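Nothing in this text is a laboratory measurement; each read-out follows from the coordinates by a stated rule. Computed from a predicted structure; not experimentally measured. Cβ coordinates were reconstructed from backbone atoms using ideal geometry, including for glycine residues, and neighbour counts include every protein chain displayed.
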Amino acid sequence: MTSDNRHGLTEREFQILQLISEGLTNKEIGSRLGISVQTVKNHVGHILIRAGTKSRAHAVAIAFREGWFGETATIRAPREQTEHGTSREKRPVSPSPGDTLTVSGVASLLNIHANTVRRWGNQGVLRSYSIGPRGDRRFKRSDIDEFLKGGNNGT
């Protein structure tokens, strides 16, 4: 895929966007790529400008929506162990629009790290709902669908 299909991102910027989608911090990205945190921040700034977004989360959402990550963006069915020790794919259960999802459910659905989902919930990028006495966080499937369409759920 050429950079023309990705809002003009360079290969390095695209690589950093992929790492952002995995939930890595600037420090973790810099460490993994062998570059300084400031260089990562510079690349992130360019990504946001070129993608026409104000947040890392929105840039990642655009990338997923437009299929920039190709095969890595597909949601793989979970595997379960059979009685013989082999694994097979579980049938994915598609919740109805009114159902809620846990943090791990949203992470699985979007193929991102659970900490990224938590951070997006805290930042208001994804609308989350507190339930029960412990205040467990849940997300409505309809809100996640709206997020993927590019809507602004957090406000």
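When the trypsin sites (Lys or Arg not before Pro) in region 1-55 are filtered for DSSP coil states and for at most 13 other beta-carbon atoms within 10 Å of their beta-carbon, the remaining sites are 54. Suppose R0 equals 22 Å. What FRET efficiency, 1/(1 + (r/R0)^6) with r the Cβ-Cβ distance, do residue 22 and residue 102 give to the nearest 0.05? Computed FRET efficiency for residue 22 and residue 102: 0.70.
Largest first and in whole Å, give the semi-axes of region 91-148's equivalent ellipsoid, each being the square root of 5 times a Cα gyration tensor eigenvalue. Don't skip to the answer; put the middle values down first.
On the way: eigenvalues 53, 38, 26 Å².
Three semi-axes, in Å: 16, 14, 11.
Residues 60, 44, ranked from the fewest to the most other C-beta atoms within 10 Å, line up as 44, 60.
Under 5 Å between amide hydrogens, built in the peptide plane, is the criterion, and for residue 101 it picks out 139, 140, 141 among residues at least 5 positions away or on other chains.
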